[in-house]
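Quick notes on the structure that follows.
The values are calculated or read from the model by the stated rules, or taken from the named source; none is laboratory data. Note that the coordinates shown come from a computational prediction; the quantities given were computed from them, not determined experimentally. For neighbour counting, all protein chains shown are included, and Cβ atoms are generated from backbone atoms with ideal geometry for every residue, glycine included. SASA here: full protein model, heavy atoms, side chains in, ligands and nucleic acids out. Shrake-Rupley method; radii C 1.70, N 1.55, O 1.52, S 1.80 Å.
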Amino acid sequence: MLVEKSLQQLLPPAMQRHLQHNFEHSRQLLNTLKDDDNAQWFEKVASVMPDIGFKPPSIDESLLTDIQEALLKDQTIVVSYLAAKNTTATEYLLMPLALVQRGHVLYVIAQDITKGANTAQIKRLAMHRFQTVTRIHEQGIRPLNFNLQQYLQDGAMQFGNGDKFALKAKVTEELAFILNESLMSDDMKIIQSEDETYQLSATVNNGWQLNWWLRGQGANIEVLEPQELRTRMRDNLRKTMEIYGPS
């Protein structure tokens, strides 16, 4: 019952139909066990997103079904896709490789073969930005070097290019406590200095997600290295101060 909603976007209709019996059986079972302690479990557990309650973007179910079917059968698709900040859609010839749910947003991981296999690139495309999808019904060729688990481990869904770097920063006691409970990386270290500040070091993925997180920490963190990131943080804070002004 708890996973039914989250599975709806990840599983194609055929798979959902096979599972529908299980979902219906679960509902019926809970209804028949009203006086049983187990029946209260569903009323006492929940799964929530760690955000301020943003609503998931609307997805065209028919387009999703076409992409799911093409993904299952390794078929190519022609799509019209409206990227963020663009006013007109772009047409692509794609080889779907995977579907990845990231928070509220469903992403299609696909190889862009619009200009041929020799220049093909793997792209992340938000499902709700597809305008049209047409299945070619031709067998595509999955790239031999693509592995979904490795793709995720390399930090692709943190919107980076897979590069890592050594982050060094000063953090407050409060943030140090939180990070010690949930490590940024396997090699993360936080050392308390003699001046009672906390020195953070960690090897992290270089991507948009990290920059977003750092900016959200405000005065709880001071980036020391790399210098390029420190400069970018400082420039962003300067622009923020210009917006809010002196008062």
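Overview of values
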item	result
Helix 61-73 vs. the chain, principal-axis angle (Cα, 0 to 90°, nearest 10)	90 degrees
Interchain or long-range residues, amide H under 5 Å from His104's placed H	none
Length released on extending from Asn220 to Phe23, taking residue separation times 0.36 nm less the Cα-Cα span	66.4 nm
Accessible area per residue in Å² at 1.4 Å probe, computed on the chain	68 Å²
Derived scalar couplings ³J(HN,Hα) [the stretch 197-210; Karplus, 6.51 cos²θ - 1.76 cosθ + 1.60; whole Hz; x for Gly, Pro]	8, 10, 9, 9, 9, 6, 8, 10, 6, 8, x, 4, 4, 5
Calculated FRET value between Thr32 and Ser62, using beta carbons and R₀ = 35 Å, to 0.05	0.45
Estimated distance in nm for a label pair at Thr172 and Gln131, the labels positioned 7 Å out from Cα along Cα-to-Cβ	4.6 nm
Pairs beyond 30 Å (Cα-Cα), from Lys44/Lys168; Lys55/Lys85; Lys44/Lys85	Lys44/Lys168; Lys44/Lys85
Backbone N within the stretch 91-122 under 13 Å of label point (7 Å from Met49 Cα along the Cβ vector)	101-107
Accessible area of the stretch 109-220 belonging to carbon and sulfur atoms, whole % at 1.4 Å probe	47 percent
Where Met233, Met127, Met15, Met184 fall by accessible area, highest first, once all protein chains stay in place (1.4 Å)	Met15, Met184, Met233, Met127
Modelled FRET efficiency - R0 41 Å, Ser185 with Ile141, Cβ distances, 0.05 increments	0.70
Charged-residue dipole, Cβ positions (Lys, Arg, Asp, Glu), the chain about Cα centre, Debye nearest 20	840 debye
His104/Asp195 FRET efficiency (R0 41 Å; Cβ-Cβ; nearest 0.05)	0.45
Net charge dipole size for the stretch 46-89 [Lys, Arg +1 and Asp, Glu -1 on Cβ; Debye, nearest 20]	200 debye
Note, ³J(HN,Hα) from phi for the stretch 110-118, Karplus 6.51, -1.76, 1.60, rounded to Hz, x at Gly and Pro	9, 8, 7, 10, 4, 9, x, 5, 5
Protection proxy ranking of 198-210, 137-149 - average other beta-carbon atoms within 10 Å, highest first	198-210, 137-149
Karplus 3J(HN,Hα) series, Hz, for the stretch 84-92 with 6.51 cos²θ - 1.76 cosθ + 1.60 (x for Gly, Pro)	4, 6, 8, 9, 10, 7, 10, 8, 10
